[in-house]
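Trainee: Input: one structure, supplied below.
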Amino acid sequence: MESTISFDLVSPEQLVFNDKVGMIIVPGKEGDIGVLPGHSKLLSSLRPGRVMVYGEDKHLLQSFFVSGGFVEINPEKCIVLAEEVFEMSSLDKNKIEKQVQELENETSNELKQQYLIAKLKIEALESTHYEKI
């Protein structure tokens, strides 16, 4: 059995990540999905959350925040089509918290969605902190 699976992370603007990896964890609509080489075929929508990419040795290589999208999985390949993608290392918690404060009192649906996504980014950053301990 293969020890790696091909992984593509795609945003509307660009191909964000393309490589063979050991494992991927994606935020499926009904819960996190762990993807290993040989995974059965699956198509799922994604909720806002972290996509974690692990090397063949199962060490975390890279972590991304996606605001939603879809994942297609087959035994040889995993493709994430994301609405928005941010590298976790590029997120600034203070800046996002300020954005949350500015959006809290807004009433339009679009701004409410931006508010919720900003809150989820903060949660993702906080959970990253605990992983490093």
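Trainee: Being modelled with pLDDT of 95 or more, within 24 Å of TYR115 (Cα to Cα), surrounded by fewer than 20 Cβ atoms within 10 Å (Cβ to Cβ) and of a type in the set (D, E, K, R) narrows it down to one of ASP8, ASP32, so name that one.
Mentor: On the way: ASP8 fails: within 24 Å of TYR115 (Cα to Cα).
Unique residue meeting the criteria: ASP32.
Trainee: Restricting the first residue to the stretch 81-105 and requiring it to be at pLDDT 80 or above and in a helix (DSSP H, G or I), which pairs with a second residue that is among the β-branched types (Val, Ile, Thr) and surrounded by 15 or more Cβ atoms within 10 Å (Cβ to Cβ) meet a Cβ separation below 6 Å and a spacing of at least six or different chains?
Mentor: As it stands, the answer is MET88/THR128; ILE96/ILE122, since those pairs meet every condition given.
Trainee: Here is a further query. Only one of these is surrounded by 15 or more Cβ atoms within 10 Å (Cβ to Cβ) and polar (S, T, N, Q): SER45, SER63. Name it. Please lay out each step first, then the result.
Mentor: Details: SER45 fails: surrounded by 15 or more Cβ atoms within 10 Å (Cβ to Cβ).
Result: SER63 is the single residue among SER45, SER63 that is surrounded by 15 or more Cβ atoms within 10 Å (Cβ to Cβ) and polar (S, T, N, Q).
Trainee: Here is a check on your reading of the model: is LYS121 charged (D, E, K, R), surrounded by 18 or more Cβ atoms within 10 Å (Cβ to Cβ) and either modelled with pLDDT under 95 or assigned to a strand (DSSP E or B) (or both)? If you could, list the steps in order and put the result at the bottom.
Mentor: On the way: charged (D, E, K, R): yes; surrounded by 18 or more Cβ atoms within 10 Å (Cβ to Cβ): yes; either modelled with pLDDT under 95 or assigned to a strand (DSSP E or B) (or both): yes.
When the stated conditions are applied, LYS121 passes them.
Trainee: Here's a follow-up. Quick one: in the stretch 32-81, of everything that is hydroxyl-bearing (Ser, Thr, Tyr) and more than 10 Å from the chain's Cα centre (by Cα), which residue is farthest from ILE96 (Cα to Cα)?
Mentor: Filtering the stretch 32-81 for residues hydroxyl-bearing (Ser, Thr, Tyr) gives 40, 44-45, 54, 63, 67.
Then drop every residue that is not more than 10 Å from the chain's Cα centre (by Cα), which leaves 40, 44-45, 54.
Numbers: SER40: 37, SER44: 28, SER45: 25, TYR54: 26 Å.
Residue satisfying both the conditions and the ranking: SER40.
Trainee: So which of TYR54, TYR115 is surrounded by 12 or more Cβ atoms within 10 Å (Cβ to Cβ), within 16 Å of ASP8 (Cα to Cα) and in contact with a Leu (Cβ under 8 Å, 6 or more places away or on another chain)?
Mentor: Values: TYR115 fails: within 16 Å of ASP8 (Cα to Cα).
So the residue among TYR54, TYR115 that is surrounded by 12 or more Cβ atoms within 10 Å (Cβ to Cβ), within 16 Å of ASP8 (Cα to Cα) and in contact with a Leu (Cβ under 8 Å, 6 or more places away or on another chain) is TYR54.
The values are calculated or read from the model by the stated rules, or taken from the named source; none is laboratory data. This is a predicted model, so every value here is computed, not measured. Please note: Cβ atoms are built from the backbone with ideal geometry, for glycine as well, and neighbour counts cover all protein chains shown.
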